[in-house]
Amino acid sequence: MDTESLLHAIAAATEEERTLVFTHFDNDDAWRLGCLLVELAQERELGVTIDVRRGTQQLFHAALPGTTADNDSWVERKVRVVERFGESSWLVGLRAAAKGTTLTEEHDLPLQQYAAHGGSFPIRVVGVGVVGAVTVSGLPQADDHALVVEALRDFLA
């Protein structure tokens, strides 16, 4: 991605995080958001793993046909980025790329534990902050991110 494209993508991801905020988030919300993602993925015949968490508790997890245990590993690595930085794994990766580096190089984090690749998005509650993460793995990283953002927009509309 060239510099101009990176800057545009960073601005778009920053705006998504500013606007895609919950007024509350509970177990029922996690279930409904996870089911919405499953429906979107099934309609498009996408082989993805979907994960929704509040704090460290996994409230929803689904592995659709075409996924493997490797997708679960990607989910864990992307979630750790959201937990550590309070931003989407996509945005964290874009910012590192704009600096000409990677998350691993910039923060000396082990590649086997952190993945600054698109697909994990913070669940942010007004007046509270980040309370969890919703994650998709199985598509190219920009598509993982876009699917999560689409579901969040639909859910919060």
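Taken together, the values in this text are just the output of simple stated rules run on the coordinates, not laboratory data. Source: prediction; values computed, not measured. Neighbour counts run over all protein chains shown; Cβ positions are idealised from the backbone, glycine included.
In table form, for the structure just shown:
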item: Cβ-based exposure ranking for ASP154, ASP51, ASP29, ASP2, in which fewest neighbours within 10 Å come first; result: ASP2, ASP154, ASP29, ASP51
item: Full-extension gain in nm, THR102 to ALA142, via 0.36 nm per residue minus C-alpha separation; result: 12.8 nm
item: Charge dipole (the chain, unit charges on Cβ, about Cα centre) - positive-most of PHE25, ALA62, CYS35; result: PHE25
item: Computed magnitude of the charge dipole of region 69-140 (debye, nearest 20; Cβ of K, R +1, Cβ of D, E -1); result: 220
item: Largest-first principal axis extents of the Cα set of the chain (Å); result: 40, 38, 27
item: Share of pairwise Cα separations in region 1-80, more than 18 Å, in percent; result: 58
item: For peptides 6-14, 79-87, sequence by mean Cβ density within 10 Å, most packed first; result: 79-87, 6-14
item: In Hz, Karplus ³J(HN,Hα) per residue of region 30-40 (6.51, -1.76, 1.60; θ = phi - 60°; x = Gly, Pro); result: 4, 4, 5, 5, x, 5, 4, 5, 4, 4, 4
item: Dipole magnitude of the chain, debye to nearest 20 (Cβ charges: Lys/Arg +1, Asp/Glu -1, about Cα centre); result: 360
item: Extension reserve of the LEU7-ALA62 stretch, reckoned as 0.36 nm per residue once the Cα distance is removed; result: 16.5 nm
item: 3J(HN,Hα) from dihedral phi, region 142-157, Karplus parametrisation 6.51/-1.76/1.60, rounded to Hz, x for glycine, proline; result: 5, 6, 4, 4, 4, 5, 4, 4, 4, 5, 5, 4, 5, 5, 7, 5
